[in-house]
Amino acid sequence: MESDMRKFEIFVVTAPGLEKPLAAEIAEAGFKKPKMMPGGVRFRGNWQDVWRANLTLRGAARVLARVDNFQCLHLKQLERQISEMPWSQYLRSDVPVKVEVATQKSKIYHAGAARERIEKGLVTALGMPLSAEAEVVLKVRIDNNMVTLSLDTSGESLHKRGHKAAVAKAPMRENMAAMFLRQMGFDGSQTVYDPMCGSGTFVIEAAEIAVGLLPGRSRRFAFEQLATFDAETFAALKVADTQTAGARFFGSDKGGGAIRMATENADRAGVSELCGFEQKSAGEITPPDGPLGIVIVNPPYGARIGDKKGLFALHASFGKVLSERFSGWQLGIITTDAGLAKATGLPLETPFATVAHGGLKVRLYTCEVP
């Protein structure tokens, strides 16, 4: 269809602070002229680009298709504008829709009232059911009297790859792990070792990157419920060129449950042959066989003040073990606290932005272990 090739703005959401590596990934994937914005990256494309972005971008949290924007000063005008839009191009009358509204610095200041009018306009235009549980979400932002309409084409957050059943207590999200690996210069050819691996996110993500598995291969997307969807074309996009990995990927953790989870998750992801997991404490770690590579770790942060004393001791002993046994390896530590990074005694630096993660601000600190 000709409408499938019409270009519009696509906004790829990521954790604030990871816009730069995401923009690099988007450019590398062949999407044209990505531009960083707070909380994500935008570029222009068509519906096939929307599908490919959801399927292939490892740093994405969700993909929004901007379907329209217009100025609006009152609720009656908003309802009329919505009812006159060609919604049948995008939405199906048999698929429920959820409407979410955020408004600021605008004549229309009540988000709940705006949502009601938008819902009435949609029903007038297409008659589809409305549901708070709908997979298809119309996100409406009213800012300085400008209304921006975006369809959330992802559904569940894209960090949910669809093959991880087991998660650790304080998990690193897959899309964040992928961007931290990118910031470490990982290109699929280096050995990666996570000595506090939890459910195995860094290790599994590295293995998938190495063999070229698509991050969205195992899951559903909200765009499959839109009128713009073409199952045959999408099926062709899902055919990936996989390759043989030249490296292997390792994780260890003091908890037996974590090792069990990580092993099962790697198996479900189809990368268990590339991954090795062992139960051992941070003090017992030794370099895996093979060439020097990357140690990347997301140690506990200690959200409560009382936790900190033990964490400084943990980081100090961890730094000592690394300097004794991992000389020449590239190290990446994600933490909320520069003091904890410093406690390792290693020459850690951070050229990277802070990243919003679970209500905290974390940052990647890196160095070559002396």
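The values are calculated or read from the model by the stated rules, or taken from the named source; none is laboratory data. In this text, all values refer to a predicted model and were calculated from it rather than measured experimentally. Glycine also receives a Cβ, built like all others from the backbone with ideal geometry; neighbour counts cover every protein chain displayed. Heads up: the accessible areas ignore ligands, DNA and RNA and are worked out on the full protein's heavy atoms, side chains in. Shrake-Rupley method; radii C 1.70, N 1.55, O 1.52, S 1.80 Å.
Across the range 254-370, the convex hull enclosing all Cα atoms gives 130 Å³ per residue. For the range 149-269, the Cα-based Rg and Dmax, in that order, read 15.7, 49 Å. Principal axis extents of the C-alpha atoms in the range 187-246 (largest first, rounded to whole Å): 46, 25, 14.
Averaging over all projection directions, the Cα-based convex hull of the range 1-87 occupies 6.8 nm² in the image plane.
Evaluated at q = 0.13, 0.18 Å⁻¹, the base-10 log of the normalised Debye intensity for the range 100-218, with identical point scatterers placed on the Cα atoms, takes the values -0.72, -0.91. Applying the criteria of a DSSP loop state and at most 14 other Cβ atoms within 10 Å to the trypsin sites (Lys or Arg not before Pro) of the range 223-262 yields 238, 254. Per residue, the accessible area of the chain comes to 46 Å², computed with a 1.4 Å probe over protein heavy atoms only. Counting only DSSP H runs of at least 4 residues, each contributing -39500 (n - 2.57), and dividing by the residue count of the chain, the helix-based mean residue ellipticity at 222 nm comes to -9500 deg cm²/dmol. In the calculated pair distance distribution of the range 1-145, what percentage of Cα-Cα distances lie above 21 Å? Value for the range 1-145: 50 percent of Cα pairs lie more than 21 Å apart. From most to least packed by mean Cβ count within 10 Å, the peptides 126-135, 176-185 give 176-185, 126-135.
Kindly provide the Kirkwood hydrodynamic radius of the chain in Å, to one decimal, from all pairs of distinct alpha carbon atoms. Over the chain, the inverse of the mean reciprocal pair distance is 22.2 Å. Separation of the alpha carbons by more than 25 angstrom is noted, of 98/160; 7/35; 254/342; 76/98; 35/98, for 35/98. Directionally averaged projected area (the range 105-148, Cα convex hull): 3.4 nm². What a 1.4 Å probe finds exposed on the range 161-279 is 48% carbon and sulfur by accessible area, rounded to a whole percent.
FRET efficiency for the residue 48 to residue 336 pair, using the beta carbon distance and R₀ = 45 Å, is estimated at 0.70. Candidate cross-link partners of residue 308 among the aspartates and glutamates, defined by an alpha-carbon separation under 18 Å and a same-chain spacing of 8 or more, comprise 337. Ignoring ligands, DNA and RNA, please state the percent of accessible area on the range 1-94 from carbon and sulfur, probe 1.4 Å. For the range 1-94, the apolar C and S fraction of the accessible surface comes to 50 percent.
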